[in-house]
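What follows draws every value from the coordinates through simple rules; no lab data is involved. Values in this document were obtained by computation on a predicted structure and should not be read as measured data.
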Amino acid sequence: MTKLNKKFAVLGHPISHSLSPKIHQYFASQFGINLDYQRIDVESTNFKKTLSDLKQEGYEGLNITLPLKNLAYEICDELSLRAEQAKSVNTISIKNDKLLGDTTDGLGLITDLLIKNISLANKKILVIGAGGASNGVMFDLISQHPQAIFLTNRTITKSHDMAEYWASLAKDNDVLLNILSLKEDITFDLIINATSSSLGNGSVIFPENLKGYFWYDMMYGKQTPFLLKAEQNKAKFSDGLGMLVEQAAAAFNIWHHQKPDTKSIYEIL
């Protein structure tokens with residue numbers, strides 16, 4: 001008798017470019033898990049109904065990508081502490097007819113940085129951007145106990161709002177939260193770009209006089225203005241492919257209670 005496939009999917013709009021099915025199928029093959037993992041294109045207006053339909057169809061877990069992560073946070077029946085703080089969900093487990101929300105974006109970022117031998121403890125970090133992507137990783141960044149996290153954004157008032165929101169957690173972890181002044185001359189240990197400027201639509205919004213030892217773009221798959229600037233500055237740099245893989249591995253572990261080996265997936269991708 002053939003084992004039934006476990007049903008999972010990634011939801012977003014657009015979604016045709018997603019590497020998640022390939023990654024999760026590969027992880028599943030490491031453990032002999034029969035996995036049916038689909039891409040499902042969903043717009044915000046149909047998201048709640050789609051979740052209900054997938055629940056009825058016997059799906060066990062869902063990955064959520066742009067632009068639905070904040071909406072998923074609002075819809076889930078229960079949330080992990082990490083998802084609650086980030087106000088973002090990228091991983092849903094469906095159990096006992098309930099949607100359980102978690103986010104693995106921050107875990108993926110931290111794991112990838114540590115694999116690349118970038119430690120964060122007692123370091124100075126700059127986060128560029130104050131939208132969902134940056135807020136989605138702040139819980140994990142703060143939890144690594146850097147010395148200071150500086151924030152900047154094209155609309156600087158959003159950085160101030162972000163600093164205010166994360167102030168309590170930062171204080172509990174002895175992390176200084178600052179807004180970057182264009183007059184300051186700081187060399188950062190790590191600069192993280194979490195803005196859509198990497199998509200190439202619109203002007204580059206990061207400060208011109210940036211200096212840092214390691215530059216990390218959360219986008220992946222293309223040369224971005226941010227990474228080009230890192231190269232011009234003769235700094236070490238990386239795109240976000242490792243973050244994608246490691247957040248997927250963390251989601252896989254939540255669903256299947258197995259930690260996949262991620263080293264060999266990069267050749268496949």
Checklist outcome for this item: Of all DSSP beta bridges having both residues in the chain, the percent classed as antiparallel (nearest 5) is 20 percent
Item to check | Residue of Asp140, Asp161, Asp102 that the Gaussian network model of the chain assigns the largest fluctuation, springs spanning Cα pairs under 10 Å | outcome: Asp161
Item to check | region 6-103 - share of DSSP beta bridges that are antiparallel (%, nearest 5) | outcome: 40 percent
Item to check | Candidates Ser20, Ser134, Ser168, ranked by Gaussian network fluctuation over the chain, Cα under 10 Å, top entry | outcome: Ser168
Checklist entry - In straight Cα distance, which lysines are under 24 Å from Lys123, not counting same-chain residues fewer than 8 positions off? => result Lys158, Lys171, Lys183, Lys211, Lys229, Lys234, Lys236
Checklist outcome for this item: Under 5 Å from the placed amide H of Asn178, counting only residues 5+ away or on other chains, we find Ile149, Phe150, Leu151
